[in-house]
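Notes for the one structure printed next.
The values are calculated or read from the model by the stated rules, or taken from the named source; none is laboratory data. Keep in mind that what you see is a predicted model, and the values were worked out from it rather than measured. All Cβ positions, glycine included, derive from the backbone under ideal geometry; neighbour counts span all protein chains shown. Remember, those area values only see protein heavy atoms, side chains included, never the ligands or the DNA or RNA. Shrake-Rupley method; radii C 1.70, N 1.55, O 1.52, S 1.80 Å.
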Amino acid sequence: MTEGPNRPLPGGPALVAALALAGCQESLPTAATDELVRGGVAVEVILPFEDFGTRTRVYGGYGRASELGGGFVAHAFGSGTGGVQEEGGLEAVTLLRFGRYPEFVSVSDTTGTTRPDSSLTFLSGRIAARFDTLSSVLPGPVEVTARAITEPWDGISANWEYAIDTLRHHVLWSQPGGGVLEEIGSAVWDPSTDGDSLHITVDSARVASWADTLNLARGVHLSTDHPGVRLQMRSALLWLETLPSINPDTLVDVLADTEATSFIYDPIPRIPDGSLRVGGAPAWRTVIDLDIPNTLNGPPDLCEALGCPLEITETHVSYAALQLTTHAESPAFAPSDTLTIDLRMVMVPDILPKSPLGPGTTGITGVALAPQLFRPPAGQIVEVPMTTVVRDLLRGETSDGDPVSSTVALLSTFEPLSIEYLSFEDAVGPGAPRLRLILNFSQGSGG
């Protein structure tokens, strides 16, 4: 391919899908709206990857699971029949750490006067977990078990192998997945009758031991032994039943602080071979190097109308979008709910994967992609708008005069967002990315 951001485009029917020699009132059938066609000659160009891109790369490790503010619980999810673990099966547990207990509570005394009481006796507690009923995958009622963590762990960096995994400090669990655990209790969650909530009782001895905030081993490990289940937990709270001294005949529920909510899982996805990837936790990004052509040499009808070679400038581009073909990958990480994707310029490609990115090109919410697009056999074409990027590259600078980059990144709109990720066909084969352009030329003016 020719060096530089812009180059000539070879002519040929395979590259140009539609041509309309139109008046001002005509519309292009393949366009999303009539505004894409301004009159004169409108042409839709579909470029194969080799005619607009040079290479793709996939990077992982953006963000941490702890940044989600929730968790996942899974057992043998995506495995074979009978819960037998196979490649792609997912094991996941949620880790919780509760902090300081309230120092006082407002209580009505025997005269009916409300007064603060700082002499509290904590009797027992209950873990109240809320699950996402739409994103969770389960065949029916599921038993969730709470166990106490007994080894020091870090609420930010802990993963399946390591209790602490920071830059300068690495501590393995004594057993992968949370180390040695002590039983707390369990409860059955049935969304049809319980809504999104689950409650597990914590006895007074455990409540008393968790009051020591200097103990870095304190924590809760939520898991399930039900195969084929993946639950997404939105939040978890620790409610404490306390007996105030002012009115010992009254029991009061108070809320403990929540210091850490995270999840750990196995296996960790590897860098994909044969597909592109976006999303996950930690998140994946796909980076594409672009080489946008700046002239057209066909098809014959266009050349007859306007003459060839025909220069393309930013003023000719009504719409541009990257077309991706969905790919069905591991069912353990397949989307169960709608996920969103964005496209941004990589401002300093030489320092990837840590390069800063330009503004998003798909709006605040990004492009929403439904989960059924990624179910076998997949192979569905989706579009990610990149009109601004193509115009800027053809112009050689942004509309504000700032530098541009010919490298772009596909990433989750909010990162990280979920353990689930999106997969697309890579740059080799019939499902390779394509570039869709809708161009407008003034008839009789040569552009």
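Observations on the structure shown:
- The chain: relative contact order in percent, alpha carbon pairs under 8 Å with at least 6 residues between: 25
- Value in Å of the Kirkwood radius, where the stretch 304-364 supplies the Cα pairs that are averaged: 16.2
- The P(r) of the stretch 235-286 has a tail past 12 Å containing 77 percent of all C-alpha pairs.
- Using a probe of 1.4 angstrom and keeping all protein chains present, the accessible surface of the stretch 317-364 works out to 39 square angstrom per residue.
- Each 5 Å bin from zero up to the one holding the largest Cα-Cα distance in the stretch 262-377 carries the following percent of pairs: 2, 7, 13, 17, 16, 13, 11, 9, 6, 3, 1, 1, 0.
- Estimated at the nearest 10 Å², the accessible area of residue 249 is 150 Å² with a 1.4 Å probe.
- For residue 253, neighbours were defined as the other residues whose beta-carbon sits under 11 Å from its Cβ, and their charges (Lys and Arg +1, Asp and Glu -1) total 0.
- With every protein chain in place, the stretch 354-447: carbon and sulfur % of accessible area (1.4 Å): 52
- Per-residue [θ]222 nm for the chain (sum of -39500 (n - 2.57) over DSSP H runs n ≥ 4, rounded to 500): -1500 deg cm²/dmol
- Restriction of the GluC sites (Glu not before Pro) in the stretch 142-230 to DSSP coil positions whose beta-carbon has at most 15 other beta-carbons within 10 angstrom yields 161.
- Long-range amide H partners of residue 62 with built H, under 5 Å: 283
- Estimated translational D of the stretch 340-433 in µm²/s (Stokes, Kirkwood radius over Cα pairs; 4 °C; 1.567 mPa s): 88
- Rg ratio for the stretch 153-224: its Cα radius of gyration over 2.2 N^0.38 Å, N being its residue count, equals 1.34.
- Heavy-atom surface of the stretch 126-195, accessible at 1.4 Å and reported per residue (Å²): 51
- Here residue 197 and residue 313 are evaluated by their C-beta separation; at R0 = 51 Å the FRET efficiency comes out at 0.30.
- Spatial separation of Cα centroids for the stretch 97-137 and the stretch 260-337, in angstrom: 49
- Extension gain (nm, one decimal) between residue 123 and residue 170, 0.36 nm per residue minus Cα-Cα: 13.3 nm
- Computed over the alpha carbons of the stretch 140-283, Rg followed by Dmax gives 18.0, 68 Å.
- Stokes-Einstein D in µm²/s, Kirkwood radius over Cα pairs - the chain at 37 °C with 0.692 mPa s viscosity: 130
- Using distinct alpha-carbon pairs, which all enter the 1/r mean, Kirkwood radius of the stretch 69-172 in Å: 18.2
- Centre separation in Å (Cα based) which lies between the stretch 412-442 and the stretch 163-192: 36
- Under 15 Å, Cβ to Cβ, from residue 69 - net charge with Lys/Arg +1 and Asp/Glu -1: -1
- Using the Cβ-Cβ distance between residue 216 and residue 266 with R0 = 25 Å, the FRET efficiency computed as 1/(1 + (r/R0)^6) comes to roughly 0.65.
- Accessible surface of the stretch 291-351, 1.4 Å probe, proportion on carbon and sulfur as whole %: 51
- Shape metrics for the stretch 187-261, restricted to C-alpha atoms - Rg then Dmax, Å: 15.4, 50
- Ranked order, 218, 344 - accessible area, probe 1.4 Å, largest first: 344, 218
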